[in-house]
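A.B. asks: First, the structure itself, so that you have it in front of you.
The values are calculated or read from the model by the stated rules, or taken from the named source; none is laboratory data. Quantities reported herein were computed from a predicted structural model and do not represent experimental measurements. Positions of Cβ are backbone-derived with ideal geometry, glycine not excepted, and every protein chain shown enters the neighbour counts. Please note that ligands, DNA and RNA were not included when accessible areas were found on the heavy atoms of the full protein model with its side chains. Shrake-Rupley method; radii C 1.70, N 1.55, O 1.52, S 1.80 Å.
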Amino acid sequence: MHKSLRRALVGVGLAAAGAVPLLALAGFAAADTPTSTATATSSATASATATGTPAASAVTLQIGGGETGITVDLFEPSKVTVKTGTTVTWVNSFTEPHTVTFGNPQGDPTTPLNVTPGTPVQYDGTQSFSSGLFGPGYPPVPGAPPSGTQFSVTFTKAGNYDYFCAIHPDMKGEMDVVDSGTVDTQDDINARAASEYAAGLASLKADEAKAPTAATVTNNADGTKTYTVAVGGPDNPNGALVQYFPPSVSVSTGDTVKWVSNTHEPHTVTFNPQLFQGDPVSAGPTGGPTFDGTGLVNSALIGEGYAATDFSLKFTKAGEYHYICLLHAPSGQLGVVTVSQGTTPPPTKTATGEAPQPPNTGTGTSSSGGNSLWVGLGLLGALFVISGAGVVAVKRHN
Ligand SMILES: [Cu+2]
């Protein structure tokens with residue numbers, strides 16, 4: 001239930017995926033424009049001059065990141081030391097959403113809690129709050145950061161504060177707020193951010209290099225095959241592989257594809273996702289166990305700790321079928337199953353049982369009754385083809 005809540009807004013991000021580039025640009029502009037920082041600093045300096053306290057400052061941290069098929073789920077850097085009064089801004093420039101959550105807020109931390117839109121939280125070390133999910137593709141919801149890509153906190157009291165991301169259990173950060181002594185400069189922060197991000201990405205790429213490059217194929221008793229595709233990578237505290245291994249698989253009609261997810265990061269296998277409505281997290285399985293290319297098929301969340309760790313689908317019609325993970329498609333989790341027409345009967349059977357073909361509709365003048373007859377014969381022929389394939393299968397297994 002908790003995980004469900006934590007993922008509740010992920011669908012919003014997907015629904016808004018079309019707005020990603022615009023929001024991303026807006027986010028970068030906001031993050032990189034020195035105007036706001038300079039204004040805050042100069043106003044703080046003026047205030048400091050008046051009161052005799054040290055000048056407050058502002059620093060920016062990166063959050064998350066990644067590449068197509070890989071999400072790095074880290075606060076970068078994970079530990080920062082700042083002077084009391086500093087405003088810290090977290091910027092998420094990647095497609096995977098995160099939260100910045102302090103304390104133990106009551107309610108769903110994937111939605112903003114105890115924050116005022118567009119205003120840095122004034123944190124004295126006592127209250128609990130959460131940014132809610134934010135990042136490109138996550139337009140502001142009431143109470144959310146204004147740009148959708150960044151979130152700011154002003155630390156008003158010295159102390160050592162832990163914080164976390166509400167949807168990535170391994171994603172933890174630490175803010176050391178001091179009245180005096182050495183603190184991190186923005187350059188210090190940027191350097192450590194870069195190295196921690198690089199180490200995290202390297203760790204995930206090492207997992208990726210070990211991932212299966214082909215489906216595991218098993219022969220079924222009825223002559224069909226089952227192709228097993230791995231979903232995601234192994235658990236990794238630095239983030240997640242958001243891919244199908246392999247992303248592309250070729251099968252014959254009658255074959256089954258089985259997706260297996262041995263990770264705590266949930267994923268879905270979803271065909272015809274344009275037909276999906278609602279919350280990907282709470283949605284139950286839809287469609288299956290066979291698929292002819294039409295209609296919505298959704299595995300619901302699969303993974304360790306979820307209702308299932310695998311999902312199977314038997315393909316009944318030739319075609320090329322694309323599918324996505326409802327949670328991670330914006331980060332590149334896409335797959336395709338190419339289905340070819342299944343085994344043809346042996347020549348001896350074909351000679352006596354060849355399925356009659358309907359008249360060429362381009363030149364045909366058959367009555368509707370004639371068409372019905374041809375359709376009926378066609379069905380009989382199709383049945384024979386199926387039984388013929390069965391014979392072939394039995395022979396192969398004997
Ligand atoms: Cu996924």
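A.B. asks: Could you please report the charge total around Ile189, scoring K, R as +1 and D, E as -1 over all other residues with beta-carbon less than 12 angstrom from its beta-carbon? Write out the running numbers ahead of the final one.
C.D. replies: Numbers: positive: Lys79, Arg192; negative: Glu76, Asp184, Asp187, Asp188, Glu196.
Summing Lys and Arg as +1 and Asp and Glu as -1 gives -3.
A.B. asks: If you roll a 1.4 angstrom probe over the protein chains with everything in place, what fraction of the accessible area of segment 191-264 belongs to carbon and sulfur, to the nearest %? List each step's numbers first, then the result.
C.D. replies: On the way: 1830 of 3220 Å².
Using a 1.4 Å probe with all protein chains present, segment 191-264 comes out at 57 percent carbon and sulfur.
A.B. asks: I've got another one for you. Using a simple charge model, +1 on the beta-carbon of Lys and Arg, -1 on the beta-carbon of Asp and Glu, nothing else, what dipole does segment 252-348 show about its Cα centre, in debye to the nearest 20?
C.D. replies: On the way: 3 positive and 7 negative charges, 44 e Å.
My answer is approximately 220 debye.
A.B. asks: Tell me, what is the FRET efficiency for Asn104 and Asp292 to the nearest 0.05, using R0 = 45 angstrom and their Cβ-Cβ distance as r?
C.D. replies: Numbers: r = 49 Å, r/R0 = 1.09.
It comes out at approximately 0.35.
A.B. asks: Separate question: Please compute the modelled spin-label separation between Gln127 and Leu275, points set 7 Å along Cα→Cβ, answer in nm with one decimal.
C.D. replies: 4.8
A.B. asks: Taking H placed 1.01 Å from N in the peptide plane, check which residues at least 5 places from Asn262 or on another chain put their amide H under 5 Å from its amide H.
C.D. replies: Val231
A.B. asks: How many Å² of accessible area per residue for segment 213-340, probe 1.4 Å? Provide the component values of the computation, followed by the final result.
C.D. replies: Numbers: 5030 Å² over 128 residues.
Accessible area per residue, segment 213-340: 39 Å².
A.B. asks: Right, something else. Taking θ = phi - 60°, what integer Hz values does the Karplus form 6.51 cos²θ - 1.76 cosθ + 1.60 yield along segment 123-134, in sequence order, with x for Gly and Pro?
C.D. replies: 9, 9, x, 10, 8, 10, 7, 9, 5, x, 4, 8
A.B. asks: Between Gly132 and residues 5 or more places away or on another chain, which pairs have amide H atoms under 5 Å apart, with H built 1.01 Å from N, and which residues are they?
C.D. replies: Long-range HN contacts for Gly132: Val100, Leu113.
A.B. asks: Computed FRET efficiency, Cβ-Cβ of Thr316 and Ser282, R0 41 Å: what is it to the nearest 0.05?
C.D. replies: Details: r = 29 Å, r/R0 = 0.71.
Plugging the Cβ-Cβ distance into 1/(1 + (r/R0)^6) gives 0.90.
A.B. asks: Also, I was wondering about something else. Can you give the net charge of the other residues whose Cβ lies under 15 Å from the Cβ of Asn272, counting K and R as +1 and D and E as -1?
C.D. replies: Numbers: positive: Lys317; negative: Asp292, Glu320.
After counting each charged neighbour, the total is -1.
A.B. asks: Treat each spin label as a single point 7 Å out from the Cα along the C-beta direction, and report the Asp162 to Ala221 distance in nm.
C.D. replies: The answer from the label model is 5.2 nm.
A.B. asks: So what are the ³J(HN,Hα) numbers for segment 193-202, from phi and the Karplus equation (6.51, -1.76, 1.60; θ = phi - 60°), rounded to whole Hz, Gly and Pro as x?
C.D. replies: 4, 5, 6, 5, 4, 4, 5, x, 4, 4
A.B. asks: Also: If amide H atoms are built 1.01 Å from N in the plane of the peptide, which residues on other chains or at least 5 residues away come under 5 Å of the amide H of Gly66?
C.D. replies: Here the answer is Val72, since their amide H atoms fall under 5 Å of that of Gly66.
A.B. asks: Work out from phi, with θ = phi - 60° and the Karplus expression 6.51 cos²θ - 1.76 cosθ + 1.60, the ³J(HN,Hα) of each residue of segment 254-268, listed in order in whole Hz, and give x for Gly and Pro.
C.D. replies: Those phi angles translate into x, 7, 10, 10, 10, 9, 10, 10, 9, 9, 7, 7, x, 9, 10 Hz.
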